[in-house]
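Everything on this sheet refers to the single structure shown next.
The values are calculated or read from the model by the stated rules, or taken from the named source; none is laboratory data. Just so you know, these numbers come straight off a predicted model, no measurement behind them. Glycine also receives a Cβ, built like all others from the backbone with ideal geometry; neighbour counts cover every protein chain displayed. Keep in mind that these areas ignore ligands, DNA and RNA; they rest on the heavy atoms of the full protein, side chains included. Shrake-Rupley method; radii C 1.70, N 1.55, O 1.52, S 1.80 Å.
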Amino acid sequence: MTAAAPRLPALLEALGQRAPRGMVLGLDRVREALSALGDPHDGLPAVHVAGTNGKGSVCAMVESIARAAGLRTGLYTSPHLSRFAERIRVGGEMIGDAALERALAAALERVPSPLTFFEALTVAAFVAFREAGVDLAILEVGLGGRLDATNVIAAPLCTAITSIALDHQAVLGPTLADIAREKAGILKPGAPAVLGPLDPEADAAIEAAAQAIGAGPRLRVARAGRAGEIAVGRSDHGARAARVAGPGRREIEVELGLRGAHQAENAGVACGIAWRLAGRWPEVERALAGGLAAARWPGRLERIDAGGAQVLLDCAHNPHGAQALAAWLDEEGPGAARTALVFGAMADKGWGEMLQVLAPRAPRRFYVTPKGRAAAPLDALREVAPGEAIGDPCAAVARAIEAAGPGGLVVVAGSIYLIGEVRSALLGITPDPVVTL
């Protein structure tokens, strides 16, 4: 901590103490808090992104494109991997201690009613973005959309829904249509929207919601075999090269900064958003190639050299994410014989289905208990696919590095908490306390 932020440790402790309350969905407390602080979100030019998977990557891409165009950006995402400050970025950098102290003090001490952990950070982000004078804020939904604290933005420049898959059913509903309707709550009258490749059931639910409120024009990324206004495909110029074609004979071929074939679809969504923003800032369209190439998103197919092997960190924490990781391993991995898996998941996730997808790609498996809320039992993981129950993530990574051998690959996946813990240890980062949401 810097001398300029003497109160920050106490504020972070107070923030963390609000985490056990969980995520309470609803907008009234956030609106009341923002009103008491002069409504820092009013008039803020913003992009609002929801989705089961891919929303963080899309936000990172859009933010990188906007910065490449010369805009001063604010980026609000969740969760963090090591430090709370990762969630609020200005100009591509994690918010500084002094600015974070001021924003948190406002959100924790100057509001009429106590806010939850996520609500307080959301309010702090708006305070920080107003103070920094950002040209554009990119906001990632925390959970769902309709009742998420970020949904206080009344007139976004553009909204986006990246994907719909079964996750958080206890909160969002049991079917794809239920989940889609919740995420469609971020759509606003007159505001254009960009939709990623969606299951027909989810697409129909979103379209009905959009028509009911008079949402702005929808721009879709095509799924194979379906007509769409944005077409994405792989390029012949490398594993991370993609081709994106859009309305008005727009077409771009780019080397993506983010790994994985699924990032081509995310890039399609990001391009759709950028094309909408170009109506206000023409330089955004000219910055597309450079921004997509420069985009980075920690913990998403991120490689770290360690002990003669490479550790691949991926925040795949549901079956849909595990399938994307498996596709990358099939295409770019070193093969099952040279791959070891460190896996741990939260008990309320689809860990059995995730492990069934990943286990065939890594015959050497090490099961761990991530910090956070209740984790999947180690014995239950071993029943799905035989492996060694170690418990401690860092000890498991060390064992996996030995098992993979020189030039091998250690894949760490199953929980974002797990990725944060391992990444912090590998990079020598002192993490903030774990928040169990």
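Dipole check for region 139-259: with +1 at the C-beta of Lys and Arg, -1 at the C-beta of Asp and Glu, and the Cα centre as origin, the magnitude is about 280 Debye.
Of the residues S415, I401, G333, the one whose Cα sits farthest toward the positive end of the charge dipole of the chain, with +1 on the Cβ of Lys and Arg and -1 on the Cβ of Asp and Glu, is G333. Think of the chain as having a plus end and a minus end, set by charges on the Cβ of Lys, Arg, Asp and Glu; of V342, A193, A125, A193 sits farthest toward the positive end of this dipole.
About its Cα centre, the dipole of the chain is roughly 360 debye, where the only charges are +1 on Lys and Arg Cβ and -1 on Asp and Glu Cβ.
Taking the DSSP beta bridges with both ends in the chain, the antiparallel portion is around 40 percent. Each Lys and Arg contributes +1 and each Asp and Glu -1, all at the Cβ; summed about the Cα centre of region 295-437, the dipole is approximately 80 debye.
Every Cα-Cα pair in the chain was counted, and those over 38 Å apart are 19% of them. Which lysines, on any chain, are close to K188 with Cα under 25 Å apart, when same-chain ones fewer than 8 places away are left out? Result set, ordered by chain and number: K55.
Here's the list of lysines a cross-link from K371 could span, going by alpha-carbon distance under 23 Å and ignoring same-chain residues fewer than 8 apart: K349.
Nonpolar atom fraction for region 347-437, defined as the carbon and sulfur part of the 1.4 Å probe accessible area, stands at 55 percent.
Sorting 120-130, 241-251 by average packing, meaning the other beta carbons within 10 Å per residue, from highest down gives 120-130, 241-251.
Computed from the alpha carbon atoms alone, the convex hull of region 324-395 holds 88 Å³ per residue. Taking other residues whose beta carbon is less than 15 angstrom from the beta carbon of A184, and scoring Lys, Arg as +1 and Asp, Glu as -1, yields 0.
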